[in-house]
1. Normalised by the residues of the stretch 6-145, what does the relative contact order come to in percent, with Cα pairs under 8 Å and at least six apart?
2. Find how much the distance from residue 120 to residue 42 grows on full extension, using 0.36 nm per residue of separation minus their present alpha carbon separation; answer in nm with one decimal.
3. Calculate one ³J(HN,Hα) per residue across the stretch 66-72 by plugging θ = phi - 60° into the Karplus curve 6.51 cos²θ - 1.76 cosθ + 1.60, and present them in order as whole Hz with x for glycine and proline.
4. Can you give me the long-range amide H partners of residue 35? Hydrogens built in the peptide plane at 1.01 Å from N, cutoff under 5 Å, separation of 5 or more residues or another chain.
5. Around residue 86, which amide H atoms from residues at least 5 apart in sequence, or from another chain, sit under 5 Å from its own amide H, with H modelled in the peptide plane?
6. What fraction, in whole percent, of alpha-carbon pairs in the stretch 6-145 exceed 18 Å separation?
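Each reported figure results from applying straightforward, stated rules to the coordinates on display, with no laboratory input. What you see is a predicted model; the values in this text were computed from it and never measured.
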Amino acid sequence: MVDQHLRMRSDEPVADPAVTVDSFAQQTNAVAVRLEPGDDARDLLPYLTRLKLVEVNFPAFTEGRGYSSARILREAGYAGELRAVGDITVDQLAALRRCGFDSFAPEAALNEADSQTALSRWANVYQQAADGLGADGRTPIWTLRNGQSR
């Protein structure tokens, strides 16, 4: 993995290492956990106030379960850092952000200018973003067209 982080939070980064979901439940001092594609994000719901960092692994860019994990955590009220790690491409950044990710650690370096362009490319969106911290807060265009506010 390259030493590249794209972070959209103003708080201090979590320095604690992320542990597996299985070992997290057994460790009372752990504040960072790593979700693998087969893990169920709902297993973390009882610990949301203790968690400071959740890393969601994308071992292949075609792996989509991490999007659901992010959405589950944000909609349950998780306000800590949600980091996408692994095989992340610049084309995925906007969708990952809409699901609630606020930090990215790709295994291959992404061009910084391309990353910023990808995150700001579309002024309007169709889907409702995940609620809570981390979502981009944009109102879907269908809501704007109907004169409704979020």
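1. Computed value for the stretch 6-145: 21 percent relative contact order.
2. 25.0 nm
3. x, 4, 5, 4, 4, 4, 4
4. Those lying under 5 Å, H to H, from residue 35 are 55, 56, 57.
5. 58, 105, 107
6. It works out to 54 percent of all Cα pairs.
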